[in-house]
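Here is the structure we will look at.
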Amino acid sequence: MPGIAETPNQVRSEQDFLPLNGTDHVEFYVGNARQAAYYYRAAFGMSLVAYRGPETGTRDRASYVVAQGKVRLVLTTPLEPGGTMADHIRRHGDGVKAIALWVDDAEAAWRETTRRGAVTVEEPALWKDEHGEARTASIAVYGDTIHTFVERKNYAGPFLPGYRAAGPDTVARPVGLLHIDHMVGNVGWGEMNRWVEFYRDVMGFGLYQHFDDRDISTEYSALMSKVMANGNGRVKFPINEPAEGRKKSQIEEYLEFYGGPGVQHIAMATHDIIGTVSRLRDQGVEFLRVPGTYYEELQGRVGKIEEPVERLAELGILVDRDEEGYMLQIFTRPVEDRPTLFYEIIERKGSRSFGKGNFKALFEAIEREQALRGNL
Ligand code: FE2
């Protein structure tokens, strides 16, 4: 299909030079971390597990760690009007600063990636408190986003040195979120392959074979996407770039309002998408809707599924099938006033795909929202 470059190569080194245990956490820079934390606790049901700020001896910022299952978010706000955190928020609004990756050796991760061309943001550092020690190091990726390598094998505290544990959370109403399935980055026009190559050459990732890159419908999506995954498949990063379509690309809208490349969505897994989405809706999370006709055509398209189609239709949950099984997914509206970051809730029943069969219905739903914002 025109515009989709062939994958440069599939060669992987024999030995994984960047072994990852998984996603450690995702750190956001936000205008008001206290209120953002309340949103994630009350709406997404996460629990406040740790905090640092002036009361714990950190003078320049406050950070709230909220978690559910293995999903762990850190909401950080600067306490001073100037500086890099404040600049980040002025430019991007609330958004993801760091995708932190859990490693056994942060210094080796930093050394191997910088040796292959990664740019250092923070050199390896050792952090200590009464619970032990942890090491971190950070490298730059797309836009102002960074990867932080976190080594915590000698640390037993609530999060990282300097944070104190938060008490039992009386606000949190868990909804069954398990772990991060994938995190998607939006990059600029014509930059997708550059970042695919970065993840391949600098991070040792490979093209995730199960993504339908040749079938992606640019007519409806106005985007191109490739999924990169690390050696053990625990970390998956689809990379999107805008494409010329019938209408203004949703990726272009993101780039405009985010002020450049950044994280577009975070997909969180559940074993019970109907239960999870029902509770999220009751707690105020807003989801994209597809037309009712989607469900009339559903069984013909995906065959027999365990979930009652009426419930899926009520909640707006989408279904797709491939050779390996099926998957259910739904997308929130952006969670900021800028049309930037949103979330996906996903339940996999054998399928490792990303929902290609839903692109048409989904992207039409996104376009309706873009039109309401006057950005189409
Ligand atoms: Fe996704």
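Running a GNM on the chain with Cα contacts under 10 Å, which residue among ALA37, ALA267, ALA365 ends up with the highest mean-square fluctuation?
ALA365
Kindly list the residues of the range 50-78 that lie in the label zone of ALA165, defined by a backbone N under 16 Å from the point 7 Å along the Cα-to-C-beta vector.
Counting only backbone N, you get 50-52, 65-67.
Skipping prolines and chain starts, which residues have an amide H placed within reach, meaning under 5 Å, of the one on GLY162, given they are 5 or more residues away or on another chain?
Residues meeting the criterion, in which the H sits 1.01 Å from N, do not exist here.
I'd like the Karplus ³J(HN,Hα) series for the range 194-200: coefficients 6.51, -1.76, 1.60, θ = phi - 60°, whole numbers in Hz, and an x wherever there's a Gly or Pro.
Per-residue couplings from phi come out as 4, 7, 4, 5, 4, 5, 6 Hz.
State the percent of C-alpha pairs, over all pairs in the range 327-373, separated by a distance greater than 15 angstrom. Don't skip to the answer; put the middle values down first.
Values: 550 of 1081 pairs.
That tail contains 51 percent of the Cα-Cα pairs.
Over the chain, with a Gaussian network built from C-alpha contacts below 10 Å, which listed residue (ILE346, ILE305, ILE146) shows the highest mean-square fluctuation?
ILE305
Could you pull the Cα extents of the chain along its three principal axes, largest to smallest, in whole Å?
Cα extents, longest axis first: 59, 48, 39 Å.
Can you pull the semi-axes for the range 14-165, root of five times each eigenvalue of the Cα gyration tensor, sorted largest first, whole Å?
Working: eigenvalues 119, 69, 46 Å².
Ellipsoid semi-axes (Å, largest first): 24, 19, 15.
Taking H placed 1.01 Å from N in the peptide plane, check which residues at least 5 places from GLY45 or on another chain put their amide H under 5 Å from its amide H.
ARG173
In whole Hz and in residue order, list the ³J(HN,Hα) couplings for the range 173-184 that follow from phi through the Karplus curve 6.51 cos²θ - 1.76 cosθ + 1.60, θ = phi - 60°; x for Gly and Pro.
With the stated coefficients, the range 173-184 comes to 10, x, 10, x, 6, 9, 6, 7, 7, 7, 10, 9 Hz.
Using DSSP, restrict attention to beta bridges with both residues in the range 69-196 and report what percent are antiparallel, rounded to the nearest 5. Please list the in-between numbers first.
Details: 14 of 20 bridges.
Antiparallel bridges make up about 70 percent of those DSSP assigns within the range 69-196.
Neighbour counts of other C-beta atoms within 10 Å: give me ARG173, ARG194, ARG52 arranged from fewest to most. If you can, show how the numbers build up before the last one.
Values: ARG173 17, ARG194 13, ARG52 21.
In order of increasing Cβ crowding within 10 Å: ARG194, ARG173, ARG52.
Which ³J(HN,Hα) values, rounded to whole Hz and listed in residue order, are derived for the range 41-53 from phi using the Karplus coefficients 6.51, -1.76 and 1.60 in 6.51 cos²θ - 1.76 cosθ + 1.60 with θ = phi - 60°, glycine and proline given as x?
Coupling constants for the range 41-53: 6, 6, 8, 8, x, 6, 9, 6, 10, 7, 8, 9, x Hz.
Under the rule of at least 5 residues apart or a separate chain, name every residue whose amide H is placed under 5 Å from the amide H of ASP181.
For ASP181, whose amide H was placed from the backbone, the distant partners under 5 Å are ALA267, MET268, ALA269.
So what's the projected area for the range 239-376, the Cα convex hull averaged over all directions, in nm²?
Numbers: hull surface 34.2 nm².
One quarter of the hull surface, i.e. the mean projection, equals 8.6 nm².
Taking the alpha-carbon distance from LYS128 and a cut-off under 22 Å, which lysines remain once sequence neighbours fewer than 8 residues away in the same chain are dropped?
Once the sequence-local lysines are set aside, what remains near LYS128 is LYS153.
Readers should treat all values here as calculations from the given coordinates under stated rules, not as data from a laboratory. For clarity, every value in this text was computed on a predicted model and none was experimentally measured. Please note: Cβ atoms are built from the backbone with ideal geometry, for glycine as well, and neighbour counts cover all protein chains shown.
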